[in-house]
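The values are calculated or read from the model by the stated rules, or taken from the named source; none is laboratory data. This is a predicted model, so every value here is computed, not measured. Positions of Cβ are generated from backbone atoms using ideal geometry, with glycine treated the same way; all protein chains shown enter the neighbour counts.
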Amino acid sequence: MKKLLALLLALPLGAMAGGFQINTQGQKALSLGGSLTGRAMDASVTFFNPGGLTFLESNSFTLGTTILTPKTSMLSEFNGSVDMESQTFTPIQFYGAYAINDKLSAGIALNNPFGLGTKWEDDWEGRFVSQEILLELFAVQPTISYKVTDKIGVGAGLVYSWGHAEVRKAIPVQSATIPFGQADLTGSGSGLGFSAGLYAQLTDDITAGFSYRSEVGLDLEDGEGKFTDIPLSLQTTFPAEADWNSAIDLPAVMSFSIAYDVSENVMAMVEANITQWSSYDSLIFDFGADSPYTSRQGRKYEDVVAVRAGVQYAQSEKLDLRVGFAYDQSPAPDGYVGPELPDANKFLITLGGTYDINEKFNVDLSYIYENAEERTGTQDESGFTGTYKTILNGFGVGVNYNF
């Protein structure tokens, strides 16, 4: 019973923490393949590179969202193809930037750096591994930036993250009238980290940036597990409810980027992101002192690199057009891929543009197409095997106000 309860709690939530990094933190960045660390273009630089905040041409606010519609299918060796249920997600972005004086600027960022979820039919073949997972994580980042010279800026901010998790899965217990039990798990938590950046105007045509977003230890407290449809013969040994605490280390991210004005109308940017998922090597669930259910589960996630590139073309004084590309590695090693998170290496193509309504208002539009490599995986702990394929489409919109 101890092993069964530990698996019920540890496997789904552990999978949520890896590979659920959301890279739709700004519409301009999204349409450039996710790259914006090397060029201060709007208030979203507060998130991408705090050092670039003092290089904005005006005070500004940015508000936006991206509508994401992933589609995942799984091919099993026994039952053919199964489609994950359709879902739509709308991560938000809000940024503000204000110049206190010629040297000092302040900014604020509110977004969803991690999240999304998966949902399968209740009675599908993998129901004992996962039926549904939802993770909602928010982060707010107050930031200060200082222009060291006319060519160099530095900045830093405090990151406060908080979130909520929900997990549903079937329990492999049955009777003549009950085909399987049900587990419903919920938890919430928060944590602190920081962000820092360096921004440089190398020449009249070239800018570069480096940023570091620290690891955030997300403490999950007062988690609740409710177990229903348990056969009468097992109700004396299987807990109807279980309270737990845990912690997840959200990974640090280092970004390097350079932008080059190829001509008066064309700008190109390249970027590399190193996400340090190796900090997530285990997951501990604590059920209290002397509890037989306290468990430690290995994860062995790996550091990964994402490579991004984008081009912007100023079609007119009012309209900028963009295209971007990216390759994003999966942190999940073999043995840790399953229906909770069918993660794989991804190729991305992005499009977008900005239209100036007047001197103060402009609108950003973006589109993302993400194609994950087909991946076959067998989970070490559950033994569940499947071949997964995911394609994602996303449409984004943002509004910028300059003052």
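Points worth noting:
- Some residue of region 128-135 being of a type in the set (Ser, Thr, Tyr), at pLDDT below 95 and in contact with a strand residue (DSSP E or B) (Cβ under 9 Å, 6 or more places away or on another chain): yes
- Unmet requirement for residue 182, which otherwise passes all of (1) polar (S, T, N, Q); (2) touching a residue at least 40 places away in the same chain (Cβ under 8 Å); (3) closer than 30 Å to residue 259 by Cα: (3)
- Region 293-328 - residue that is modelled with pLDDT under 95 and among the polar types (S, T, N, Q) and, of those, nearest to residue 31 (Cα to Cα): 297
- Residues of region 327-351 classified as over 21 Å from the mean Cα position of the chain (by Cα) and in a strand (DSSP E or B), total: 0
- The set of residues in region 166-182 being farther than 14 Å from residue 133 by Cα and small (Gly, Ala, Ser) consists of 175, 176, 181.
- Hey, residue 59 modelled with pLDDT of 95 or more and surrounded by fewer than 24 Cβ atoms within 10 Å (Cβ to Cβ) or not: yes
- Leading residue by the ranking (surrounded by the most Cβ atoms within 10 Å (Cβ to Cβ)) among those in region 328-375 that are more than 29 Å from residue 250 (Cα to Cα) and among the polar types (S, T, N, Q): 354
- Within region 8-37, restricting attention to residues that are farther than 21 Å from residue 329 by Cα and over 17 Å from the mean Cα position of the chain (by Cα), the residue that is modelled with the lowest pLDDT is 11.
- Those residues of region 359-403 which are over 30 Å from residue 320 (Cβ atoms), assigned to a loop (DSSP other than H, G, I, E, B) and in contact (Cβ under 8 Å) with a residue 60 or more places away in the chain, in sequence order: 379, 381, 382, 384
- Close pairs from region 30-44: first of a type in the set (S, T, N, Q), partner assigned to a loop (DSSP other than H, G, I, E, B), Cβ under 7 Å, at least 6 apart: 37/49; 44/25; 44/26; 44/36
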